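Data first, discussion second: the structure below is written as structure tokens.
Every read-out reported here was derived from the displayed coordinates using simple, explicitly stated rules and does not represent laboratory data. The structure displayed is predicted, hence computed values, not measured ones. Glycine also receives a Cβ, built like all others from the backbone with ideal geometry; neighbour counts cover every protein chain displayed.
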Amino acid sequence: MQESTVSRGTMDHPLSHIIVSYFSHPGQDSETRRKTVIFASCLLVLTPSIYLFACVNLWTGHWQDNWPPLILATCMLFLLATMRLQPTITIPFRVIALLALVTLGYELQIGGGDGYAFVWFYCFPMVVFYVAGLREGLFWVAASMLLVAAILLFSSAREIYGTTASFRFLLTYGIVAVISRGLESSRAHYYRELLAEKNSLEQAVQQIKTLRGMLPICSSCKSIRDDQGYWSQIETYLNDHSEAKLSHGICPACLELLYPTEYAEMSRTGRLRKLFPPEKK
């Protein structure tokens, strides 16, 4: 129920159906499946992109920029092939996150991509917050910020990028990290609200009692036979099997049969007509 209600918006796209059917593990809850979809989608986009940039580097003679990204892309390819065997993506994600930090740090240190390797860092906080969540995502983003600051401000890379550009990058990277965390915090908040509302609706549905099917009823005393074969008064049965609240009164026929004197008096004075209006035709 949870999977079909909460994660339906994530799975509506045909591509999402393909990713879920191949990469997800049986028995995963909707939240784990959501992370699996996001993580697999990121790997499916990044892996061919990294291989493409590696080809460009070889073509332009920047061979020294190639081997860390190729190792990272190969690991991504391996994890894509084996992800469906993993019940969760915790270990695969941490391996890729660590390799990505090492690779990005190396590229930043040597000024890879003609000095534009730092652009890849902007993808890091967006992915880790959505996949790892707020707590672990904050750890990875903080680690990346410390790594970037150490490389740009306290290593030889300072000569490649310059102090002004380094501080601008650190500032914009921090802004991207804050926005990414805010988006994930908002998503997690509304997800919890949706889940709480869903659980509340399920409890309400379970409390609703309905009468269905054919009810055996006595033609004389109007008692009803339950599924166990016991007979009970109709008001008792309705009280136990429905949400109806019953009150007692008396119909005109029974009033005349049981209390003929009172019935005659009420009929003579007109009170009977006020209590029991004639039926509409």
Next item on the list: Pull out the extension gain between VAL102 and GLN228, defined as 0.36 nm times the separation in residues minus the alpha carbon to alpha carbon distance; nm, one decimal.
Entry: 38.4 nm
Notebook entry, point to check: Working out 0.36 nm times the residue gap between LEU215 and LEU246, then minus their Cα-Cα distance, what length gain in nm do you get to one decimal?
Noted result: 9.3 nm
Check: Taking N as the number of residues in the chain, what is its alpha-carbon radius of gyration divided by 2.2 N^0.38 Å?
Finding: 1.88
Item checked: Cα centroid separation - region 63-132 against region 152-188, whole Å -> 17 Å
Next item on the list: With 5 Å bins from zero, work out the P(r) of region 17-147 over every alpha carbon pair and list the percent per bin.
Entry: 2, 10, 21, 22, 19, 13, 8, 4, 1, 0
Next item on the list: With N denoting the number of residues in region 224-275, provide Rg(C-alpha) divided by 2.2 N^0.38 Å, to two decimal places.
Entry: 1.66
Next item on the list: List the pair-distance distribution P(r) of region 35-98, using every Cα-Cα distance, as the percent of pairs falling in each 10 Å bin from 0 up to the bin containing the longest distance, rounded to whole percents.
Entry: 21, 49, 22, 7, 0
Check: Sorted by packing (mean other beta-carbon atoms within 10 Å per residue), highest first, where do 247-254, 85-92, 176-183, 265-272 land?
Finding: 176-183, 85-92, 265-272, 247-254
Item checked: Computed lengthening from ALA81 to PHE139, 0.36 nm per intervening residue step minus Cα-Cα distance -> 18.1 nm
Notebook entry, point to check: Using the Kyte-Doolittle scale, which helices in the chain average at least -1.0 and also have C-alpha atoms spread 18 Å or more along the helix axis, with helices defined as whole DSSP H runs?
Noted result: 30-60, 67-82, 90-110, 123-154, 163-207
